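The values are calculated or read from the model by the stated rules, or taken from the named source; none is laboratory data. Because the structure is a prediction, the values reported are computed rather than measured. Note that each Cβ is placed from the backbone with ideal geometry, even for glycine, and that neighbours are counted across all protein chains shown. Protein only, heavy atoms only, side chains kept; ligands, DNA and RNA dropped before computing areas. Shrake-Rupley method; radii C 1.70, N 1.55, O 1.52, S 1.80 Å.
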Amino acid sequence: MNAFRQEYKAKKVSLPQALELVSDGDKITAAMAGSEPQGLLAELANQYENFKNVRLITCLTMGDYGFQKPEMKGHIFNESWFYGSTDRKFHSEGNISYIPNNLHEAGEKKLDNDNIDIFWGTATPMDDRGYFSLSLGLTYEKMMIQDVDLVVLEINENLPWTLGDTQVHISEIDQVVENKAPLIELPNIEPGEVEMEIGRHIAPLIEDGSTLQLGIGGIPNAITECLKDKEDLGIHTEMFTDGMVDLFYSGAITGKRKTLWPGKMVTTFALGTQKLYDFLDHNLAVEFQQGNITNDPAIIGQNYKMVSINTALQVDLTGQVCSEAIGNKQYSGTGGQADTHRGAQRSEGGKGIIALRSTAKSGEISTIMSELPPGSKITLGRNDVDYIVTEHGIAHLKGKCIRDRVKAMINIAHPDFREQLRKEAQELQLW
Ligand code: COA
């Protein structure tokens with residue numbers, strides 16, 4: 001047996017044994033979304049009564065482990081950089097708190113301003129040279145491995161071996177646990193007619209040779225459907241999705257005209273279906289880089305014709321974008337929306353696009369509002385906003401005064417709400 005296999009054997013523990021190194025008051029950061037250490041998190045939830053005041057720091061948690069529930073109080077408290085569906089559902093129980101952040105500096109700010117004791121990540125099985133691939137997530141995970149005292153990796157043989165800066169060595173790891181868990185999937189929702197109409201408005205804004213970032217939510221996948229006739233597109237994104245796989249196979253992506261990593265699709269985490277995970281396995285065309293690189297606005301801005309496309313819940317007539325909360329209720333998070341929207345506008349010929357349906361709740365509510373509801377959180381400020389697109393058209397707000405913005409925004413609101421919005425804009429003296 002080679003030295004690395006022996007080291008692996010010496011560091012291998014069971015899930016309950018890995019929990020023995022957790023002490024009361026510890027702060028544990030866990031890898032995010034598709035990289036979630038499912039076994040370690042489930043074990044912590046099982047044993048919660050054995051611990052006092054443990055802090056668990058997560059991001060876009062996909063599994064339902066119950067950390068947000070009242071019985072966990074005093075045992076485990078959850079902090080989150082980005083709410084998943086369980087987080088938002090149980091926020092009102094008072095055992096989870098959102099960490100405001102821009103994704104490119106989330107890990108760094110946490111490490112600089114808090115004491116993280118333990119990192120729990122996931123990785124592929126080790127190769128003969130002692131290396132693992134961190135697989136689906138590099139947002140803050142590698143930074144944690146390099147900085148935190150106690151690092152435990154959950155080895156899941158189902159994880160794809162991804163390339164880029166994903167490798168870590170057994171010598172950097174304190175413990176490994178093996179857990180062959182089914183991969184976490186985010187189902188693909190077929191785009192409806194409204195989403196396709198939004199995609200059709202966006203397509204002309206994207207010139208051949210552009211580099212794209214596509215955000216989280218139902219609309220971005222519809223947009224990829226409308227880009228299949230483009231040429232020489234590139235990808236420099238935060239989240240890699242199923243839509244990008246289809247776009248790649250359509251021949252629209254070559255990455256030929258990219259300034260950074262030409263020929264490669266650059267990302268920091270991937271979340272989607274098994275089709276996506278199969279695509280990523282040993283794929284030389286996909287380059288995983290750490291979130292502080294992929295999402296740094298200064299780096300994003302170096303790409304040729306960089307276009308960022310993200311989604312929002314509500315936008316006011318002046319261009320204040322709320323993508324992460326409904327009133328005071330945290331829905332998701334800022335993630336990389338401000339990073340990528342700002343970064344794209346630094347690029348020569350670049351564009352920042354926010355795409356949203358003009359109504360919500362089966363047409364009952366306008367998402368374009370004269371004023372955001374009390375307590376709303378601004379994900380993207382009006383000073384930074386560039387394009388807003390709905391199924392009714394495009395509002396290009398950058399550099400425009402309030403009077404012109406109001407007019408442009410009312411034109412892309414649903415026709416049923418336009419008169420009301422005009423009246424409210426007058427009352428508020430939005431000119
Ligand atoms: N008022 C009240 N409810 C609203 C609403 C509004 N203005 N807009 C949407 N909703 C409701 C919808 O009806 C839906 O409810 P349901 O789940 O009961 O059907 C829910 O909120 C989600 O809306 P939807 O538009 O389907 O969300 P999505 O899955 O497409 O995600 C965002 C959209 C904005 C939440 C998501 O893109 C996000 O979190 N963005 C911020 C982070 C980001 O952009 N990062 C970028 C890099 S990955």
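Output the number of the condition that Glu391 fails; it satisfies all remaining conditions of (1) of a type in the set (D, E, K, R); (2) within 22 Å of Asp416 (Cβ to Cβ); (3) away from the ligand (no atom under 13 Å from the Cβ).
Of everything listed in (1) of a type in the set (D, E, K, R); (2) within 22 Å of Asp416 (Cβ to Cβ); (3) away from the ligand (no atom under 13 Å from the Cβ), Glu391 misses just condition (3).
Listed here are the residues, each with its yes/no results for (1) in contact (Cβ under 8 Å) with a residue 12 or more places away in the chain; (2) within 17 Å of the chain's Cα centre (by Cα); (3) under 23 Å from Tyr83 (Cα atoms).
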| residue | (1), (2), (3) |
| --- | --- |
| Met265 | yes, yes, no |
| Asp296 | yes, yes, yes |
| Lys305 | yes, no, no |
| Lys329 | yes, no, yes |
| Thr334 | yes, yes, yes |
| Thr340 | yes, yes, yes |
| Ala344 | yes, yes, no |
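For residues that are within 22 Å of Trp81 (Cβ to Cβ), without any contact (Cβ under 8 Å) to a residue 40 or more places away in the chain and of a type outside the set (D, E, K, R), scanning just segment 129-152, find the one that is most open to solvent (accessible area, probe 1.4 Å).
Within segment 129-152, the match that is most open to solvent (accessible area, probe 1.4 Å) is Gln146.
Suppose we filter Ser85, Ser80, Ser35 for residues that are within 16 Å of the ligand (Cβ to nearest atom), within 24 Å of the chain's Cα centre (by Cα) and surrounded by fewer than 19 Cβ atoms within 10 Å (Cβ to Cβ); which single one remains?
Within the list Ser85, Ser80, Ser35, the selection yields Ser85.
If a residue has to be out of contact with any helix residue (DSSP H, G or I) (no Cβ under 8 Å at 6 or more places or on another chain) and of a type in the set (Val, Ile, Thr) to count, how many in segment 236-289 make the cut?
2
Have a look at Thr162, Thr224 and point out the one that is outside any loop (DSSP other than H, G, I, E, B), open to solvent by less than 10 Å² (accessible area, probe 1.4 Å) and either farther than 30 Å from Asp24 by Cα or more than 16 Å from the ligand (Cβ to nearest atom) (or both).
Thr224
Can you say whether Ile365 is without any contact (Cβ under 8 Å) to a residue 12 or more places away in the chain, within 11 Å of the ligand (Cβ to nearest atom), assigned by TED's automatic domain parsing to the domain that holds Ile202 and surrounded by fewer than 24 Cβ atoms within 10 Å (Cβ to Cβ), as far as the supplied structure shows?
yes
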